[in-house]
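K.L.:
Can you keep this structure in mind? I'll have questions shortly.
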Amino acid sequence: MNEIEGWEGAEQNKAVVTKWTSEMAKELRNLDPYNHPISTSLWTTDGWSELWKLPEMDFVQSHFYANRPLDMAGEVARISNHKRTEYSDKLHLFAEYGINAGSGTAESDPKGIHLHNGNWAGLMSGSASIPASWWHESYIDPLNLYEVYRGIANFVADEKDLAKYAWKPLNVASFSYIQPPKEATYRDLQFVGRGSNWQKPNKTTFAIDKEGNISDIDQMPNILHGKAHETLKATLKFQTEYIVDGKFIIRVGKVGDNGLLKIMIDDKEAISVELPTGENLGVSSEYVNEWKRWETVYNKDIEIDVPTGKHEIQIQNEGNDWIMIENIRLTNYITSDKPDIRVLGMQTDNRAMLWVQNKAHTWFNVRDNVQINSIPPTRLFLSDFANGTYRVDFWDTIKGSIMEQREINVSDKILLLDLPEVMNDFAIKVKQK
């Protein structure tokens, strides 16, 4: 059954649907002499636990479309970890995956960066396969993006016995620069909400700590509703703590009907910007005949200065209809005393596979021509390895070939790896000799 919520009344009758699914799965099992794995699917990424926990379901699926500028490696890892933890007795895979549920993927990511990052994050986060992109005929095939899969295919080609090992998530004890910066530097924090845009958010206050962690980001919408949807309208509040002076910047995307964006700091209005909609306004405008109105794309940054210290920043839309937030950026917010890398992987007591990524290398940063700085050499400490001598292979994730080989001795169950500079990413295999 594909995306069972699409059937009228399914959401209101979960118990009935669950019972029917169980009965049909048993019937399929009786009819199938080849014992194919059985599952179902839902269009919500979380799905229904009532279905996934059925003993007749052999594996759990996720359908995930970002529909906003999200770091796909981070999202794939987050979803995989949740499914692996929640349904620990079952395999998990992404049966549908993409940055957009509708059109626009080819224009947003013609190089397939979200495919590349999602593939490696899926492999290294315990999913049963790489995410399956929905957009083959309109994206992968016409842009000839098959080479995106070459590197990861080569990486696993000689791992015929992966399934026989008791893998667990990679235990990263710590990592740090090999040569710490001589002077304190600061980097920006950029994010976008993951919450529903067509339900009033349960949370409207979001705390952002010095490390860039954001409370309840899953509840944060990326649309600010106006007077046309009073029941959905909300003022979003961000509790911040700037180490040095910086800016709070909102990138406005599409506007539904004459928006009015207000930003306040500590209950005082800092800026109010009208966002009119109409012909020949913004970057582009489209007349939507169904609603008899113009919708305008701005792709415009609206910013305020924020002094050092703790501040509550509020944003709201006092216009007629919705304003889409492409992203929110806090400049000079995070101290660059720790490498901005992502390390994902899995290990046994005498082998490991891991992926090291420059977090800034995302499809939307490439799309927006953001300067992506390389990460200086980093020292990585991995724990829970048997003592002994190990072979370490560093892999080019694009070509799918070994760049460098090393021999490393492990003592006290700690594997110490000195990583080279990270421009985009690389992968590593570790095996005891």
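K.L.:
Of the conditions (1) farther than 21 Å from residue 66 by Cβ; (2) without any contact (Cβ under 8 Å) to a residue 60 or more places away in the chain; (3) part of a loop (DSSP other than H, G, I, E, B), residue 181 fails just one. Which one is it?
P.N.:
(2)
K.L.:
May I ask you to verify whether residue 296 is in contact with a Leu (Cβ under 6 Å, 6 or more places away or on another chain) and either outside any strand (DSSP E or B) or of a type in the set (Ser, Thr, Tyr) (or both)?
P.N.:
The answer is yes for residue 296.
K.L.:
Step by step: first the residues of region 361-399, then only those that are under 25 Å from the mean Cα position of the chain (by Cα) and of a type in the set (Val, Ile, Thr), then the one that is modelled with the lowest pLDDT. Which residue is that?
P.N.:
Here the residue is 370.
K.L.:
While we're here: Just name the residue that is surrounded by the fewest Cβ atoms within 10 Å (Cβ to Cβ) out of those in region 354-369 that are in contact (Cβ under 8 Å) with a residue 40 or more places away in the chain and of a type in the set (A, V, I, L, M).
P.N.:
In this case the residue turns out to be 366.
K.L.:
Quick one: count up the residues across region 380-423 that are surrounded by 14 or more Cβ atoms within 10 Å (Cβ to Cβ), under 27 Å from residue 150 (Cβ atoms) and charged (D, E, K, R).
P.N.:
Final tally of qualifying residues: 3.
K.L.:
Let me ask something else. Collect the residues in region 227-241 that are surrounded by 15 or more Cβ atoms within 10 Å (Cβ to Cβ) and assigned to a loop (DSSP other than H, G, I, E, B), keeping them in residue-number order.
P.N.:
Listed by number, the residues that qualify are 232, 233, 234.
K.L.:
If you take just the strands (runs of 3 or more DSSP E) that sit entirely in region 382-433, which of them hold at least 1 residues that are within 30 Å of residue 365 (Cβ to Cβ) and among the aromatic types (Phe, Trp, Tyr)?
P.N.:
388-396, 425-432
K.L.:
For region 95-116, enumerate the residues that are part of a helix (DSSP H, G or I) and either β-branched (Val, Ile, Thr) or in contact with a strand residue (DSSP E or B) (Cβ under 7 Å, 6 or more places away or on another chain) (or both).
P.N.:
Within region 95-116, 105, 113, 115 meet the criteria.
K.L.:
Let me ask something additional. Exactly one condition in (1) surrounded by fewer than 20 Cβ atoms within 10 Å (Cβ to Cβ); (2) within 28 Å of residue 222 (Cα to Cα) is false for residue 13; which is it?
P.N.:
All conditions are met except number (2).
K.L.:
Follow-up. Return the total of residues in region 8-51 being assigned to a loop (DSSP other than H, G, I, E, B) and under 26 Å from residue 132 (Cα atoms).
P.N.:
Total meeting the criteria: 17.
K.L.:
Ok, one more. Looking only at region 311-365, count every residue that is of a type in the set (Phe, Trp, Tyr), closer than 25 Å to residue 382 by Cβ and not in a strand (DSSP E or B) and tell me the total.
P.N.:
0
K.L.:
Can you spot a residue in region 370-379 that is surrounded by fewer than 18 Cβ atoms within 10 Å (Cβ to Cβ), under 30 Å from residue 301 (Cβ atoms), polar (S, T, N, Q) and without any contact (Cβ under 8 Å) to a residue 24 or more places away in the chain?
P.N.:
Checked region 370-379: at least one residue is surrounded by fewer than 18 Cβ atoms within 10 Å (Cβ to Cβ), under 30 Å from residue 301 (Cβ atoms), polar (S, T, N, Q) and without any contact (Cβ under 8 Å) to a residue 24 or more places away in the chain.
K.L.:
Answer yes if at least one residue in region 261-276 is surrounded by fewer than 18 Cβ atoms within 10 Å (Cβ to Cβ) and of a type in the set (S, T, N, Q), and no otherwise.
P.N.:
yes
K.L.:
Residue pairs, Cβ under 7 Å, 6 or more apart or interchain, first in region 325-353 and under 19 Å from residue 305 (Cβ atoms), second assigned to a strand (DSSP E or B) and basic (Lys, Arg). List them.
P.N.:
327/251; 331/247; 334/187
K.L.:
On to the next question. Please find, among 161, 141, 188, the residue that is of a type in the set (D, E, K, R) and loosely packed, with under 11 Cβ neighbours inside 10 Å.
P.N.:
Within the list 161, 141, 188, the selection yields 161.
Let's see how each residue does on (1) exposed (fewer than 15 other Cβ atoms within 10 Å of the Cβ); (2) over 30 Å from residue 324 (Cα atoms); (3) not assigned by TED's automatic domain parsing to the domain that holds residue 376:
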| position | (1), (2), (3) |
| --- | --- |
| 133 | no, no, yes |
| 137 | yes, no, yes |
| 148 | no, yes, yes |
| 157 | yes, yes, yes |
| 176 | yes, yes, no |
| 203 | no, no, yes |
| 206 | no, no, yes |
| 211 | yes, no, yes |
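K.L.:
Right, another one. Taking the condition within 30 Å of residue 341 (Cα to Cα), crowded, with 20+ Cβ neighbours inside 10 Å, in the same structural domain as residue 195 (by TED's automatic domain parsing) and in contact (Cβ under 8 Å) with a residue 40 or more places away in the chain, does residue 250 pass?
P.N.:
So residue 250 passes the test.
K.L.:
Moving on. Across region 186-213, what is the number of residues that are of a type in the set (A, V, I, L, M), under 23 Å from residue 370 (Cβ atoms) and without any contact (Cβ under 8 Å) to a residue 60 or more places away in the chain?
P.N.:
0
The values are calculated or read from the model by the stated rules, or taken from the named source; none is laboratory data. Predicted model, so just to flag it, every value in this text is computed and none were measured. Neighbour counts run over all protein chains shown; Cβ positions are idealised from the backbone, glycine included.
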